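What follows is a single structure, written as structure tokens, with notes after it.
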Amino acid sequence: MATLCGAAPLKPLRTLCVEPTRGEVLCAGASDGTVYVWNLSAHVLLHTLRAHIGNAVRALCFGASGAFYVAGSDSRVVVWSMNMDEEEVATQASSSSSSSTDGPPPPATVFFE
């Protein structure tokens, strides 16, 4: 068992998702629209993604080719590229401070009516 912490107090978490290929990355969606990305091996926060500011994250899902889908209570699905190979995850974990807002490229947004 381990405790995963962020740089600032985390908002209430609504949903969790583990990257299915290697199981080394855990993502958690919060009630304020933030997604926290942790490296489970190193127990460090890799990224803080701002996906649905002011709206709760409702669902998280890893897709093919590194796509990472984040659905929010604002009726949007934000698609991030999380295509990281094993070496990149290890490098980011070892060079990461307690929090980073750098990381995956800007997302594409899909709106649903």
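The values are calculated or read from the model by the stated rules, or taken from the named source; none is laboratory data. Keep in mind the model is a prediction, meaning the values are calculated, not measured. A quick note on method: Cβ atoms are made from the backbone with ideal geometry, for glycine too, and the neighbour counts reach across all protein chains shown.
Quick rundown of the values:
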{"quantity": "Per-region count, the stretch 35-74, residues free of Cβ contacts under 8 Å to residues at least 24 places away in the same chain and among the polar types (S, T, N, Q)", "calculated": "3"}
{"quantity": "Output for the stretch 21-33, where each listed residue is part of a loop (DSSP other than H, G, I, E, B) and of a type outside the set (S, T, N, Q)", "calculated": "R22, G23, E24, D32, G33"}
{"quantity": "Out of A108, A71, A67, A51, sole residue that is buried (at least 19 other Cβ atoms within 10 Å of the Cβ), modelled with pLDDT under 90 and small (G, A, S)", "calculated": "A51"}
